[in-house]
Each structure stands twice: as C-alpha cells, then as structure tokens.
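A short write-up of the structure that comes next.
The values are calculated or read from the model by the stated rules, or taken from the named source; none is laboratory data. Bear in mind the structure is a predicted one, so any value in this text is a computation, not a measurement. We place every Cβ from the backbone using ideal geometry, glycine too, and count neighbours over all the protein chains shown.
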Amino acid sequence: KTSVWPFNTIATGFWIYQLALGSHPEGMIIYSNTAPRKDNSKKRIENEGEHFIYAKLNNGIDVLAVNAGYCFSFIKPHIKDLHALNVQNQGSQFRSRDFYPQAVAAIAQHDESIIGHKMEIANIPNIPKNKIAWVDGYGNIKTTIRKSQIDYKEGTKIQITIDGVVRTALVTGGAFSVAEGELAFSHGSSGHEDPFMEIFLRGGNTYKHFNKPSQFADIEMRVLD
C-alpha cells in the first residue's frame, strides 16, 4: 500500500511506474484509485467520475487505475494494451470499495469478460515537465526531470525557484556530494533506466527549505554566472 497527496495524479503516476518497472513478485497487480473528478466541472450524477481502466505492460504487469490526469503517464511507453473495463463508474462515492475490486479480482482470475473496448495509448498525456513528482519522508524533492534532460556539468551552480521561493544548488553526481547544509541537484534513486533528478538538502529537509511549496508547483532553474 502506498498513499499519495489527495488528488495528486502526478505522484500516483510516479509510484505506479516505480512499482511496475521495479523488482516485483510474480503475478503482481497494481490497483490504484486517485480520482479528482476533474474531467467534468459540472454537477456529477450519482458520484460519477473518471473511468477505471486497464493496462497490460510489456513486462506482463497488470495495472488497473482511474484514468485521471497523469496516472498512466509515467508508464505510457511501457504499455502493451490499454482497455476500458466493464465496471460501474457511478452510483457510489466509494467506487474503489463498492465496484472496482470486482474488476481487480476478475483480472487476477484471468476473466477477460471484464475487459472492455480498446483505448488509444497515444491519448495518455506525457509526463508533465518540471514538476514535483514526490516528496519523500526526509523531505527530499523528487522531480519529473530526467537525468537525460539535464546538460548542466557537475559543479555548476544553479538557481532553483519553486512556488516563488529561490534557492541556490550545486549540480552533483550524487546527493551526498555536497557539504552539510548545502543543496544538491542530482539524479536520485527513482526512475529506473533514466533516473529522475532530485533536490536534496544535506542534513536538512528540502521541502521545508522551500517553504513547503504547492504539490503542483512548477520548478524553474537557471545557471548562475
């Protein structure tokens, strides 16, 4: 079980990706329910929300999750098949309790009658750029920025702005390559084949250092002269 900030589909997508592409027990199924109901701002009938869908990944993992925001974005390149599910999406405030478990059970039992029409993988949004993906228990900020997207040389000083708060960081090849109390911008432990960049305050809490920014804030960076 992994919990994310309420309604945060970026964090949800990040964790689905981490779990699905990492080491896992045989037959693992990922079941996720992050449903901000942002697909329609009008009055909802019988608590209807974004639909529950199914993805089969190239590595054989089954992912069942609400088709909301960025929930499927991080695994998008790894999806083999994407389908709707023949399951109720309205009629309860707690769809994850009352309706969705039957779909998970059906997939676990290889009951293909629960699988609905084919969906277009191309319609899944890409990973959002320069966003907070996750804040871990130590306050380190994991970003949606990939190592491959960074062309700063190690030792470069950069200015990082998050939610209006400006801090100076050193680009490093490892989080602990800075002195106590200094801020590092380095590839972290998440991201598998192309690690996500992380903002790390050695000996402190990065999230608090940036005055606890909004979970949806943009991350801006520029090289200091």
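Data table
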read-out: Unique match (being outside the structural domain of residue 54 (by TED's automatic domain parsing), in contact (Cβ under 8 Å) with a residue 24 or more places away in the chain, more than 30 Å from residue 67 (Cα to Cα) and not polar (S, T, N, Q)) among 152, 207; value: 152
read-out: Residue check, residue 206 among the β-branched types (Val, Ile, Thr), farther than 27 Å from residue 77 by Cβ and more than 21 Å from the chain's Cα centre (by Cα); value: no
read-out: Test for residue 141: is it under 28 Å from residue 198 (Cβ atoms), surrounded by fewer than 20 Cβ atoms within 10 Å (Cβ to Cβ) and among the hydrophobic types (A, V, I, L, M, F, W, C); value: no
read-out: Matching strands (runs of 3 or more DSSP E) fully within the stretch 13-127 where at least 1 residues are crowded, with 20+ Cβ neighbours inside 10 Å, of a type outside the set (Lys, Arg) and at pLDDT 95 or above; value: 29-31, 52-57, 62-66, 79-85
read-out: Residue satisfying condition, being of a type in the set (D, E, K, R) and at pLDDT 95 or above, within set 153, 131; value: 131
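A quick yes/no check of all residues on (1) touching a residue at least 40 places away in the same chain (Cβ under 8 Å); (2) exposed (fewer than 14 other Cβ atoms within 10 Å of the Cβ); (3) closer than 14 Å to residue 141 by Cβ:
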residue: 176; (1), (2), (3): no, yes, no
residue: 185; (1), (2), (3): no, no, yes
residue: 190; (1), (2), (3): yes, no, yes
residue: 213; (1), (2), (3): yes, no, yes
residue: 223; (1), (2), (3): yes, yes, no
